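None of the figures in this text is laboratory data; all of them are computed from the coordinates on show. This is a predicted model, so every value here is computed, not measured. Glycine gets a Cβ as well: all are built from the backbone with ideal geometry, and neighbour counts include every protein chain shown.
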Amino acid sequence: MQTVRWLPFLAAAPDLQMALDKVLLAGSGPPTLRFFTWSPPGISLGWFQRDAGELEALRRHGLPLVRRQTGGGAIVHAHELTWSLSAPAEHPLAQLSRPDSYTRVNSAFIAVLHELGVNAAERGSATHAGKSPLLCFDRATDIDIVVQGRKLMGSAQRRTRTRMLHHGSLILRRHPLMPGTAAVEDVVQECPTPEALAQRFAAALESALGPLVPATFSADELAEAEQVRAALVL
């Protein structure tokens, strides 16, 4: 299986984080995995969220708003671990159906969560009638990871003709704007740091993605992200 470029853990501003993923989705490089946190916290809107009223409602919370490259609803990114995988369309994971690709990567996260004492699982069959809630973690689909029915990790994916971008957000501590979520800190006595968790999840993902090779962003990728980050601010 093709090796996967594994980028260093990064804590950075919302606009820069989303700009880096935009560059990875638009690029032509090897499969690339990275874990990150949001500093300061912010709210990302899904690629297809374009409702002006919803945007105005989110602005009232006073957090930075940015556009995410993947679908789904708005997410409050505060005490969480976020990860993204960018891969060419011919990568084995991108060749799977969307549900199967979600399950493939979810199984790695679920295995590590079980090691930590978190009884997590995919939600399974779900139905929803009417308009979806504005905030992504107020809804749950069959491929979300839940604990006792509460959403713990949500994922979103976007596929272009040449590439796939897969995002995941794991809640470490509940945020007042999303009080109904599950959180790792509610279950384990001592939650590892986001960076320590990233190391464990990355090791577990090798079976689904291929061997991980530590690497860094190229100078061109960083320069391009700086050029596009302002355009992702809402």
Skipping prolines and chain starts, which residues have an amide H placed within reach, meaning under 5 Å, of the one on residue 217, given they are 5 or more residues away or on another chain?
none
Value in Å of the Kirkwood radius, where the chain supplies the Cα pairs that are averaged:
17.8 Å
Separation of the residue 55 and residue 219 label points, Cα + 7 Å toward Cβ, nm:
3.6 nm
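Helices from the chain with mean Kyte-Doolittle at least -1.0 and a Cα length along the axis of 20 Å or more, per DSSP H: which?
Values: long enough: 98-115 (26 Å, -0.27); 194-209 (21 Å, 0.47).
Taking the DSSP H segments of the chain (at least 20 Å long, mean hydropathy at least -1.0), we get 98-115, 194-209.
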GluC sites (Glu not before Pro), loop per DSSP, at most 15 other Cβ atoms within 10 Å - longest free stretch of the chain:
91-189
Listed residue (58, 101, 73) projecting farthest to the positive dipole end of the stretch 52-101, Cβ model:
58
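Let's test the formula: R0 of 25 Å, r as the Cβ-Cβ distance of residue 142 and residue 185. What FRET efficiency results, to the nearest 0.05?
On the way: r = 25 Å, r/R0 = 1.02.
With R0 = 25 Å, the Cβ-Cβ based efficiency is 0.45.
Restricting to DSSP loop positions (anything but H, G, I, E, B) with no more than 13 other Cβ atoms inside 10 Å of their own Cβ, which chymotrypsin sites (Phe, Trp or Tyr not before Pro) remain in the stretch 41-93? Present the calculation step by step, with values, prior to reporting the outcome.
Values: sites: 47, 48, 83; in loops: 47, 48.
Of the chymotrypsin sites (Phe, Trp or Tyr not before Pro), the ones in loops of the stretch 41-93 whose Cβ has at most 13 other Cβ atoms within 10 Å are 48.
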Can you give the FRET efficiency for residue 207 and residue 48, using 1/(1 + (r/R0)^6), R0 = 35 Å, r = Cβ-Cβ distance, to the nearest 0.05?
0.65
Return the Rg/Rh ratio of the stretch 138-223 with Cα-based radii and a Kirkwood Rh.
1.02
For residue 151, which sequence-distant residues (separation of 5 or more, or a different chain) have an amide H within less than 5 Å of its own amide H, given hydrogens modelled in the peptide plane?
182
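Starting from the Cα-Cα distance between residue 90 and residue 234, subtract it from 0.36 nm times their residue separation and give me the gain in nm to one decimal. Don't jump to the answer; show the numbers that get you there.
Working: separation 144, 0.36 × 144 = 51.84 nm, distance 3.28 nm.
Answer, rounded to one decimal: 48.6 nm.
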Quick one: which residues, 5+ away or cross-chain, put their amide H under 5 Å from the amide H of residue 73? H built at 1.01 Å from N.
136
Note the full-extension length gain between residue 195 and residue 121 as 0.36 nm times their separation in residues minus their Cα-Cα distance, in nm to one decimal.
24.4 nm
Residue by residue, what Karplus-based ³J(HN,Hα) values in Hz, rounded to whole numbers, does the stretch 64-80 have, using 6.51, -1.76 and 1.60 with θ = phi - 60° and x for Gly and Pro?
x, 10, 9, 8, 8, 7, 9, x, x, x, 5, 10, 8, 9, 10, 8, 8
